[in-house]
Each structure stands twice: as C-alpha cells, then as structure tokens.
1. Using 0.36 nm per residue of separation minus the Cα-Cα distance, give me the extension gain between R313 and T282 in nm, one decimal.
2. I'd like the Karplus ³J(HN,Hα) series for the stretch 276-287: coefficients 6.51, -1.76, 1.60, θ = phi - 60°, whole numbers in Hz, and an x wherever there's a Gly or Pro.
3. Suppose the chain between R268 and E225 were pulled fully straight at 0.36 nm per residue; how much longer would it get relative to their current alpha carbon spacing?
4. Output wanted: per-residue J couplings in Hz (rounded whole) for the stretch 132-142, from phi through Karplus 6.51 cos²θ - 1.76 cosθ + 1.60, θ = phi - 60°, x for Gly and Pro.
5. Could you tell me which trypsin sites (Lys or Arg not before Pro) in the stretch 165-266 are loop residues by DSSP with no more than 13 other beta carbons within 10 angstrom of their beta carbon?
6. Over every pair of different alpha-carbon atoms in the stretch 198-361, take the mean of 1/r and invert it; report that Kirkwood radius in Å.
7. Taking Cα atoms of the stretch 128-282, Rg/Rh with Kirkwood Rh, to two decimals?
8. So, in Å, what gap is there between the alpha-carbon centers of the stretch 1-50 and the stretch 62-93?
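Every number here is computed from the coordinates shown, using simple stated rules; none is lab data. Because the structure is a prediction, the values reported are computed rather than measured. Don't worry about glycine lacking a Cβ; one is built from the backbone with ideal geometry, like all the others, and counts go over all protein chains shown.
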Amino acid sequence: MSSSRIAVLGGGNTAFALAANLSRRGHEITLWELPSQAASLEPIRERGEIALDGVAERGIARISRITTQIAEAAESDVMLVPVPSYAHRAFAEALVPHLREGHLVALLPGNLGSLQLARLAREAGRADGVVFAEVDTAPYVCRKTAPDRAHIWGVVTGLGLGVFPAVETDGAVDRLADLFPGIRPYPNALACGLAATNPIMHPAGVLMNAGRIERSRGDFYFYEEGVTPAVVRAVKAVDSERQAVAKAFGLTLDPVEEAYWRGGFGPRGDLWATINGSQMLTALRAPGSMETRWLTEDIPYGIATWALLGRERGVPTPTIDALVALGSVVTGLDCWRTARTPADLGIAGMSQDQLARYLQTGG
C-alpha cells in the first residue's frame, strides 16, 4: 500500500470515517471544513485524533492537519468531498478558486455534482488539467458515534466511479484504487449520477414509512422492517423510470438489486432478497424525523434531477413526479425549484452527439 497526501473536505459522518480509515491505512490526511461549520472539527482539533471502530481499520487515527483554510487542503493533489449534495455549491465556491492542474476532486457520492462542479470551474477559468469525479454511493455505511469517534458497519467493495472528462477515467481509477479497493468505472459521469442508489430507495421508503418514523422517532430498522413488499414495488417503479431516462441518453444501467449486489451490499437476487440478506443495510436504523437528507438530498438532487433529464428527452416519470410532489408537501420545500437542473450540469439542450463528445472530452 502506497502512502499519499489526501484532503478530505467535510466534517460529517462519512468525512470522519473516511479520514480516520485512510489515516490508519498510512495516508497523510488533511481534514477541511467550511468556516461556518467549524464547530464539527473542534472536538478533534486539539489532539488531532479520531477514534475508529467497526469492520474496517480500528483504533486511534492521527489526522495530520485540521483546518478551515481551503488553500491548505488544496495542497493535496487528491481531494475527497463526502458531503450532502445540497452542500456541493458552497464547497464549490470555496474550492474552485484554488483548483490547479493535477487536481483530482471526487464527490462521495456525487448525484451528478461533478458535472456542476466542472461547469463552475470552467466558467471561472479553473478547469484546465483538473479531473472531476464522483461515486454512486458513499464508500462506507458509517456514523459518528461521538464527536470524536466514528463507526464503520460496512465497506462498499464495488464502488462505482464516474469521471469528467471521461477520457481521464483510467488515470482516475489508478489514483483512487488504493483508497477504494474494487472501484469500478462507469462510461462517464452522467452514467454514474443516474446509477446512484440512495435516491432510488430513500424517497419512496421514507415517505411510505412517514407515520412510523414520526411516531417512533426512527426507532426501527429501516431496511429490515420498513422496506416491505409494497415499498419494494414503489422502489422498483422508480428504478424502471430511472433506467428509461438513462436509456434515452444512450446508457444501459443495472437494476437497483444488481447494483446493490455489485456494490457488496447483499446477495444476488431480487430486490427483496438482496435487502433482507444484507448485513450492512439491515443494520441501519430509520431517520429520526422527516427532516432527513434521505428526502432533502435524495429528492431534489436525485429523483427530481432524473425527472428533469427525462423531460429533456421526452421520457415520462409519473412515479418519480408523484414522490417529488409528496416530498415537497412533507418537507415544506419546493423540491422542483431546488432541484439540480440540466442547465446546472452544463448539458441543457445538447444533442446526443454533442453530449457524448462533451462527456468524453470536456469540450
């Protein structure tokens, strides 16, 4: 295993778990957070340590640098961004002025955010020589269990990677393979964003369990108890519409149960069998309220974006549209208004040939 300098941007569950796990594996880690969110770093700032438990590395992880100065994070050639999609814009505004040739920026996961980041960087004149990437799900099933401690219940063994421009895919895989063993490439960043698994499952699952979530404050196992046959049928309807959108863009994507199996979440089978046979997923408890990123992220930055892409190609998405409407009512957010649009991604109005060329070469 080779050692490298890695910047982890963020201060949440996955950021702490990722920083600790990679540090324990011998990498030099800079952990950066937005100045407005610096409180998340305070519990570890003095000692520079995160305690890590679970199925990956275990023990005390030394974090080489903890900072709110983005220029310090940008000294690393590889920057990993494990933050919710609704934070991507704020992180981009901080990061873009410091991008330089040789940087690889990977969103974990991306939900097509790599395309938006690339557009913002290009508009600022900072995209030359920069590789933008995203993965299809978070690399770990993990949580903070204390302000200075993280626990990893599962490691995704077949993490999917999309790269922009796609011509840089082989190089990006080489640079990330040691950090995420088993990482596998998609044809391009659009394919990766349309293959994200959380938006397929979470909106339907949470909305159909709304009463139980609010009554119990999330005191049940979401996948084991909440994903019943009726929920599975709704999820499969979302999945079918997602695949139809992808097909309209010339992409063929695995059904969600196959994606879960390839990612190492559970055994191969139909969706019901894969979920119920998953040690990782069945260990997860439900959100404690309806104010959860499983709705506030996975609707506007997941399924709503897929529906808007569908409209670009004339593909109907009735189940997704219904979930976006219901999710907007439940959360009090206008999920259509806040959705990541084709224009945000820099691909609005492109023909199939124009899009293919842009995704491949960046030009």
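1. Net length gain for the segment: 7.5 nm.
2. Karplus-based 3J(HN,Hα) across the stretch 276-287 equals 5, x, 8, 5, 5, 6, 6, 7, 8, 8, 6, x Hz.
3. Full-extension gain reported as 13.5 nm.
4. Whole-Hz 3J(HN,Hα) from phi for the stretch 132-142: 10, 9, 8, 10, 8, 7, 5, x, 10, 8, 8.
5. On the way: sites: R175, R212, R215, R217, R233, K236, R242, K247, R262; in loops: R217.
Passing sites in the stretch 165-266 are R217.
6. On the way: mean 1/r = 0.0605 Å⁻¹.
Final number for the Kirkwood radius of the stretch 198-361 is 16.5 Å.
7. Values: Rg = 16.7 Å, Rh = 16.8 Å.
Taking Rg over the Kirkwood Rh, I get 1.00.
8. So the two Cα centres are separated by 9 Å.
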